[in-house]
1. Nearest 5 percent is fine: what portion of the DSSP beta bridges confined to the stretch 6-400 is antiparallel?
2. Rolling a 1.4 angstrom probe over the protein heavy atoms, how many square angstrom per residue are accessible across the chain?
3. P(r) tail for the stretch 23-166, what percent of Cα pairs lie past 25 Å?
4. For the chain, what does -39500 (n - 2.57) per DSSP helix run (n ≥ 4), summed and divided by total residues, give at 222 nm, in deg cm²/dmol to the nearest 500?
5. Compute the Rg/Rh shape ratio of the stretch 6-400: radius of gyration over Kirkwood radius, all on alpha-carbon atoms.
6. What Kirkwood hydrodynamic radius do you get for the stretch 257-401 when you take the inverse of the mean 1/r over all pairs of distinct Cα atoms, in Å?
7. Going by average Cβ neighbours within 10 Å, how do the peptides 207-217, 127-137, 286-296, 350-360 rank, with the highest at the top?
8. For the stretch 27-37, what does the Karplus curve 6.51 cos²θ - 1.76 cosθ + 1.60, with θ = phi - 60°, yield as ³J(HN,Hα) per residue in whole Hz, taken in order and with x for Gly and Pro?
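The values are calculated or read from the model by the stated rules, or taken from the named source; none is laboratory data. Because the structure is a prediction, the values reported are computed rather than measured. Note that we place each Cβ from the backbone using ideal geometry, even for glycine, and neighbour counts take in every protein chain shown. The accessibility values were calculated without ligands, DNA or RNA, using every heavy atom of the protein model including side chains. Shrake-Rupley method; radii C 1.70, N 1.55, O 1.52, S 1.80 Å.
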Amino acid sequence: MTPPDSTFSKISPEATRSMCRRVSNAYSIDDLRRLAKKRLPRAIYDFYDGGAESESTLRANSTAFAQHVIQPRYLVNVEQIKTAVDLLGSPSALPIAVSPTGGIGFGWPLGDTAIARAAGAAGIPYTLPTSSTSSIERVAHVAPGTRLWFQAYMLRKREFTMSLIDRAFAAGYEVLVLTVDMPIGGKRERDLRNDFGLPFKLTPRNLLDFATSPAWVSSVLRHGMPQLENLLGFTPDAVSSTTIASSVGKNYDPAFDWDALRQIRDRWPRKLLVKGILHQDDARLVADAGCDGVIVSNHGGRQLDGAIASLDALGPIAEAVGDRITVLLDGGVRRGADIVKAIAMGAHAVMVGRPMLYGVCAAGEVGARRALSLLEEELVRTMRLSGTRTIAEIREGLLVR
Ligand SMILES: Cc1cc2nc3c(=O)[nH]c(=O)nc-3n(C[C@H](O)[C@H](O)[C@H](O)COP(=O)(O)O)c2cc1C
């Protein structure tokens, strides 16, 4: 595997080769997760890996997939497999898009751009979060061939959110993803225990953790502490990225409602997805508001602990909206078989968050590409082994119980 990632230019050739070798020997998303865990300080790994409170929703996202089984059909000619789909009016090589995940640069310098480029190489969309460590414009510049979507939260300073949306429009982002499951931030206890509260600071409790992760420390020394580039200027007195992140966390707008959603619909003329929908009545209202789709999601178990698993919410939502809007799902997708199950249960495609974080934290763009190629290989294998040749055939016929 050759490293296309510019951040490798600052690493010795020997270290680069060994990183690429380790990634080639990762045979599953879980293997990439182990590599990421080894490289990162515990506090950062836990920030990516963890969920809210007892993490019961985080676990439920995975166990929901395990509770459904595929009943395959055989004696079907499965020589030719087609994984391409139409997603919101444009082609995607796989029924996968990348979910927005904030703060990626803490795990790998310019990690957002690395994942965006990996998504482009795989022919699938990438969603840049508001709290990214590379700006809207930077990502558009370095990943020109990638289908770019932009994720926004409604902040109390609504005009600031609107200015981000306008910037995304000007930079050519094709889809706006509006996250609605965060009227306030979730309680992530791993972060509290690790003293990874924001604003980020080295404390006696976490100092040892950071100091004993040499690969991570040397990458911060080479590239500097990441900035939440979209949020520069959010609060004039905020100087560091983590201070800004903290102000953003306190500034989600709990008053954001259906009327406000309709205003965004009027302002954004391109495709609009609403992320964080778990109830069929809400999905119907999203369709009524003229939006183009929903992302069935519980924020990867990071917000409301005790919330329904995404896969369990999917069926009733798909049934409620029929073909009026696009239905995507994220949360717990780790295998090709998970993708097949979600599609068989009504999703047009899935999205993946942590699998990309594990990949990029293991080895930058090479690791992100590996995550997508593993999912693609497993998807194709599952389709062959279950007698389905196209994504449409999975939607129509594959029996999942
Ligand atoms: C570290 C981390 C940061 C996230 N940041 C955001 C964010 O900024 N905006 C957002 O809408 N969702 C965010 N999410 C949620 C993801 O978009 C997605 O819903 C979730 O990761 C899907 O579950 P999965 O990780 O099991 O694939 C984040 C998730 C993680 C793990």
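1. 15 percent
2. 42 Å²
3. 46 percent
4. Counting only the DSSP helices, I get -14000 deg cm²/dmol.
5. Rounded to two decimals, Rg/Rh equals 0.95.
6. Final number for the Kirkwood radius of the stretch 257-401 is 16.2 Å.
7. Going by the mean number of other Cβ atoms within 10 Å, highest first, we get 350-360, 127-137, 286-296, 207-217.
8. In residue order, the calculated couplings are 9, 7, 4, 5, 5, 5, 4, 5, 5, 5, 4 Hz.
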